[in-house]
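A quick write-up on the structure given underneath.
The values are calculated or read from the model by the stated rules, or taken from the named source; none is laboratory data. The structure displayed is predicted, hence computed values, not measured ones. Every residue, glycine among them, receives a Cβ derived from its backbone with ideal geometry; neighbour counts consider all protein chains shown. Each accessible area value is taken on the protein alone, full model and side chains, heavy atoms only, with ligands, DNA and RNA left out. Shrake-Rupley method; radii C 1.70, N 1.55, O 1.52, S 1.80 Å.
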Amino acid sequence: QVQLVESGGGLVQPGGSLRLSCAASRSIFSANFMGWYRQIPGKQRELVANVIKGGSTNYADSVKGRFLISRDYPTNTVYLQMNTLKPEDTAVYYCNGRYEGYSYWGQGTQVTVSS
């Protein structure tokens with residue numbers, strides 16, 4: 001079992017920045033996949049960004065050039081740096097980790113972009 005705990009969400013004005021954190025209870029070095037998803041009420045959860053074991057990253061077209069996913073192995077934390085935020089980035093953001101064929105989710109953190 002792996003616990004993932006997100007933090008860093010909040011209210012920010014358009015054009016602002018936030019950094020989300022996902023702290024894992026198990027070494028992220030052993031994870032095959034670490035990613036961030038987001039969900040708006042009534043819509044499917046969508047992939048925002050992910051990093052795989054070898055280090056390759058992937059981003060949704062809507063966030064390319066604005067968001068950056070990174071890992072810190074000593075603290076087993078995955079970050080999502082979000083810049084130039086837009087109202088359409090408003091959602092609950094979830095951390096996802098995949099270990100040995102199992103998928104784990106955090107509880108989510110709310111990000112609201114509004115003036």
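Remarks
- Solvent-accessible area, 1.4 Å probe, carbon plus sulfur percent, for the chain: 50 percent
- Contact order normalised by residue count of region 20-115, Cα under 8 Å, 6+ apart, percent: 31 percent
- For region 29-115, applying the loop criterion from DSSP together with a ceiling of 16 other beta carbons within 10 Å to the trypsin sites (Lys or Arg not before Pro) yields LYS43, ARG45, LYS53, LYS64, ARG66.
- Average accessible area per residue (Å²) across the chain - probe 1.4 Å, nucleic acids and ligands excluded: 52 Å²
- DSSP beta bridges in the chain [antiparallel fraction, %, rounded to 5]: 95 percent
- Estimated distance in nm for a label pair at THR90 and SER70, the labels positioned 7 Å out from Cα along Cα-to-Cβ: 2.9 nm
- Shape call, region 66-111: gyration tensor on alpha carbons, a/c limit 1.5: oblate
- Tail beyond 21 Å, pair distance distribution of the chain (Cα, percent): 30 percent
- 18 Å cut-off, amide nitrogen to a point 7 angstrom out along SER7 Cα→Cβ, residues in region 40-83: 70-82
- Extension gain for the segment GLN110 to ASN58, taken as residue separation times 0.36 nm less the Cα-Cα distance, is 16.5 nm to one decimal.
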